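The values are calculated or read from the model by the stated rules, or taken from the named source; none is laboratory data. Predicted model only: the values in this text are computed from it and were never measured. We place every Cβ from the backbone using ideal geometry, glycine too, and count neighbours over all the protein chains shown.
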Amino acid sequence: MTYAISLKAVNHTADPIRALWDRVALFEGTPSMVALDYAPHITLAVYQKIAPELLKMALLRAVEGIPALRLTFTRLRVFEGDPLVLWADPSPSAALAQLHARVHDSIDPANCHPHYRPGAWIPHCTLGTKIRKDHRAEAIAFTTQPIEPFDVLFDVADCVTFPPVSVLEEHVLPGSGKAPAQRTLE
């Protein structure tokens with residue numbers, strides 16, 4: 001089982017990401033992001049082994065006093081590999097960097113997947129993870145096209161297990177327009 005701490009957008013501002021999911025799904029055999037049944041998100045940390053209580057504690061410490069984050073997306077990019085992964089690139093955000101650092105202040109970064117550790121982490125909102133080889137060139141070309149910048153309000157932080165995605169605990173962030181709350185969903 002894999003564990004993660006994420007920031008997600010559970011409001012209408014995430015509609016441009018969902019629209020991109022639909023466009024990127026055309027390059028996939030099956031739509032990878034819709035299949036998750038999980039909101040558009042930015043993953044802050046991934047762990048193969050961790051005590052769920054430690055994960056929940058780190059989430060709580062990380063989000064304490066942190067408001068909902070409005071991030072601007074200005075371009076699309078790829079992570080090379082097999083399969084190719086397409087993602088939306090948020091503009092640099094001190095608040096997002098602070099949230100990432102706070103997670104790793106609570107849990108030793110050595111326990112985290114290497115791509116999500118401080119110094120290696122690339123903030124991103126995944127658009128598709130199962131790009132077919134026969135659509136690879138077309139998918140890469142899609143990411144080189146300019147996009148109209150758009151803002152997304154990331155209004156909930158959570159910790160999950162996957163696959164499939166199962167939320168262990170979530171926190172609605174102040175400024176989201178929703179009543180701040182903590183929900184444990186085990």
Under 9 Å by Cβ, and 6 or more places apart or on different chains, what pairs join a residue from the stretch 97-111 that is of a type in the set (A, V, I, L, M, F, W, C) with one that is modelled with pLDDT under 95?
-> Leu99/Ile66
Can you pull out the residues in the stretch 121-130 that are assigned to a loop (DSSP other than H, G, I, E, B), under 11 Å from the mean Cα position of the chain (by Cα) and not β-branched (Val, Ile, Thr)?
-> Pro123, His124
Members of the stretch 21-39 found to be closer than 28 Å to Ala95 by Cα, out of contact with any Leu (no Cβ under 9 Å at 6 or more places or on another chain) and of a type outside the set (Val, Ile, Thr), listed by number | Leu36, Asp37, Tyr38, Ala39
List the helices (runs of 4 or more DSSP H) that sit entirely inside the stretch 1-120 and contain at least 1 residues that are over 17 Å from the mean Cα position of the chain (by Cα).
-> 15-25, 52-63, 94-106
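Residue-wise test of (1) of a type in the set (Asp, Glu); (2) in contact with an Asp or Glu (Cβ under 7 Å, 6 or more places away or on another chain); (3) under 21 Å from Trp121 (Cα atoms); (4) without any contact (Cβ under 8 Å) to a residue 60 or more places away in the chain.
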{"position": "Ser6", "(1), (2), (3), (4)": "no, yes, yes, no"}
{"position": "Asp15", "(1), (2), (3), (4)": "yes, no, no, yes"}
{"position": "Phe27", "(1), (2), (3), (4)": "no, yes, no, no"}
{"position": "Thr30", "(1), (2), (3), (4)": "no, no, no, no"}
{"position": "Val34", "(1), (2), (3), (4)": "no, no, no, yes"}
{"position": "His41", "(1), (2), (3), (4)": "no, no, yes, no"}
{"position": "Gln48", "(1), (2), (3), (4)": "no, no, yes, no"}
Before we move on, is Ile66 surrounded by 18 or more Cβ atoms within 10 Å (Cβ to Cβ), of a type in the set (A, V, I, L, M, F, W, C) and within 20 Å of Asp155 (Cα to Cα)?
-> yes
Filtering the stretch 1-40 down to residues that are of a type in the set (Val, Ile, Thr) and touching a helix residue (DSSP H, G or I) at 6+ places or on another chain (Cβ under 8 Å), which residue is farthest from Phe142 (Cα to Cα)?
-> Ile5
Selection within the stretch 75-99 - in contact with a Phe, Trp or Tyr (Cβ under 9 Å, 6 or more places away or on another chain), surrounded by 14 or more Cβ atoms within 10 Å (Cβ to Cβ) and not aromatic (Phe, Trp, Tyr) | Leu76, Arg77, Val78, Leu84, Val85, Leu86, Ala88, Asp89, Pro90, Leu96
